[in-house]
Amino acid sequence: PPAPALRPASLGLGPVGAPVRRASVGLTMQEGKHPLHGAIDKVVNDNKIILFMKGNKDFPQCGFSNTAVQVLRTCGAEFETVNVLENENIRQGIKQYSNWPTIPQLYIGGEFIGGADIMIEMYENGEMRELVEKTMAE
């Protein structure tokens, strides 16, 4: 029989509801650059809004991660988190996956959005709330 599918919980996520649509836009990283690429790709694409962060949404463990959570909550986002502090391979793997050197990293609809600074900018100009509302309605 085929191996069981990797569940987001195995990457440190909390319970996940029904599966969501797959993003139509592919990410730019080449397959195989990091051993966890496939697992990260699945989590990114199986969750409408996912934040890779230090800590979790109930207990952020750095100021930037806390800011990211607050932006999403203010926009009314329903989102999942992955605590990169629980696994050094995930912490390094997500940086390679996105080709972005810092944490937190936000993905919406399977697309990399950016870190806390970009999230703040998008919140201030109204783009974040619009993107969150559009994504959650799909």
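Any read-out appearing in this document is the output of simple, stated calculations on the displayed coordinates, not a laboratory observation. Everything numeric here is computed off the predicted structure, so don't read it as measured data. Here the Cβ positions follow ideal geometry from the backbone for every residue, glycine too, while neighbour counts run over all protein chains shown.
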*Within straight cross-link reach of K57, meaning Cα distance under 16 Å, which aspartates and glutamates are found once same-chain residues fewer than 8 apart are removed?*
E78, E80, E86
*Rg(Cα)/(2.2 N^0.38 Å) for segment 59-113, N = residue count*: 1.12
_Within segment 41-138: Cβ-based charge dipole about Cα centre, in debye rounded to nearest 20 (Lys, Arg +1; Asp, Glu -1)_ = 220
*With r defined as the distance between the Cβ atoms of E111 and E133 and R0 fixed at 25 Å, what FRET efficiency is calculated, to the nearest 0.05?*
0.95
*asked:* Show me, for segment 35-46, the HN-Hα J-couplings you get by feeding each phi into the Karplus relation (A = 6.51, B = -1.76, C = 1.60, θ = phi - 60°), rounded to Hz, glycine and proline as x.
replied: x, 8, 3, x, 5, 5, 4, 5, 5, 4, 7, 8
*asked:* For segment 44-88, what are Rg and Dmax over the alpha carbons, in angstrom?
replied: 10.1, 30
*When you count, for each residue, the other Cβ atoms within 10 Å and take the mean per peptide, how do 99-112, 40-53 rank with the highest first?*
40-53, 99-112
*asked:* For N56, what residues show an amide H to amide H distance below 5 Å, using hydrogens built from the backbone and excluding near sequence neighbours?
replied: Q61
